[in-house]
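Comments concern the structure below.
The values are calculated or read from the model by the stated rules, or taken from the named source; none is laboratory data. Given the structure is predicted, the values throughout are model-derived calculations rather than measurements. Don't worry about glycine lacking a Cβ; one is built from the backbone with ideal geometry, like all the others, and counts go over all protein chains shown.
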Amino acid sequence: MVNSSQVSFFFLTAYIDSGVLAYLYFTVVLFLYILIIVSNVLLIAVICVNRSLHEPMYMFLCSLFVNELYGSSGLFPFLLVQILSHLHSVAAPFCLLQVFIVHSYGAVEFLNLAVMSYDRYLAICYPLQYNTRMTPTKIASLIAVSWLYPFVVVSFSMSLIPVMLCRNQINKVYCDMHSLVKLACSDTALTNIYGLTATFSTIFISLLLILYSYIKILAVCFSGSKQTRQKAVNTCTPHLASILNFSCGGSFEISQSRFDMSFLPNVLRIFLSLYFLTAQPLFNPLMYGLKMSKIRNICKSLIMNAKH
């Protein structure tokens, strides 16, 4: 870990002097954070309270929504403080905490999406055996692995962050692991190799399961009935949209941390680096709330009851 006697604070140099606009940015970020909390908590509550939604697919969705709250809470309160700050500094322990949350959030998100694709594969390809294959024990095990594996991997990765740092300036609006590694005085080849291996192994395992599941689903759809195809479209569309959205945001963030992106405007780099931590927590509850008929109908009935 970073030696607190060597580096007590990190300075985030990507922030621009926004003057009086800082209050506007603060209001927009606060609104987005409140929207994320309300939408995700609402859907978690709807799933937990309604027994008709106590099915594997909705349990995995609940895990996904919890992760959106986890990841956004590692970023938004931090951003709100920094927007109104003049120094844009962060204490080393808080920076490390943010590194852990941001990286574990990304890994949990990919694994959750992979588990959900496996669940859709079983539901569409083996509808008669679905309940015997997707047991409560298996559901709990899949959710536990999708959370515990990233926590272990990220914890080990953080233990490899060099102790001696020669600089304390991070050219981003939040802390991330590779930015800390680049501040090291010593050779970081081993840390970089492990970081790349851990990142791409998590992504590779997740994408492999997603690709396998959807190849099988497509095969069943082409050979099945119209009803089967309609079921596949209804349940897989929001999931595929979520995968594409997160993959695009995550791809840029990984590229930016590993390659020189200084040719892009600073504002664009800031926007894209925040995208995967901001868009996904907003996108998922909106997409699943609108596209999943059971959730949509229950939310409508709650709104109608509230009016009366």
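Worth pointing out:
- Scoring ARG269 on the criteria (1) modelled with pLDDT under 75; (2) surrounded by 14 or more Cβ atoms within 10 Å (Cβ to Cβ) leaves a single failure, condition (1).
- Any chance GLN280 is in a helix (DSSP H, G or I), in contact (Cβ under 8 Å) with a residue 60 or more places away in the chain and among the polar types (S, T, N, Q): yes
- Scope the stretch 190-231; condition crowded, with 17+ Cβ neighbours inside 10 Å, modelled with pLDDT of 80 or more, hydroxyl-bearing (Ser, Thr, Tyr) and under 30 Å from PHE156 (Cβ atoms); matching residues: THR199, THR202, SER206, SER213
- For the residues LEU111, LEU165, the requirement of being more than 30 Å from PRO265 (Cβ to Cβ) and in contact (Cβ under 8 Å) with a residue 60 or more places away in the chain singles out LEU111.
Condition check ((1) of a type in the set (Val, Ile, Thr); (2) in contact with a Ser or Thr (Cβ under 7 Å, 6 or more places away or on another chain); (3) on the phi > 0 side of the Ramachandran plot) across all residues:
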| residue | (1), (2), (3) |
| --- | --- |
| SER201 | no, no, no |
| LEU207 | no, no, no |
| LEU211 | no, no, no |
| THR237 | yes, no, no |
| ILE254 | yes, yes, no |
| PHE259 | no, no, no |
| CYS299 | no, no, no |
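- Number of residues in the stretch 283-306 that are of a type in the set (S, T, N, Q), surrounded by fewer than 18 Cβ atoms within 10 Å (Cβ to Cβ) and touching a residue at least 12 places away in the same chain (Cβ under 8 Å): the value is 1.
- Residue within the stretch 182-196 that is of a type in the set (D, E, K, R) and in contact with a helix residue (DSSP H, G or I) (Cβ under 6 Å, 6 or more places away or on another chain) present: no
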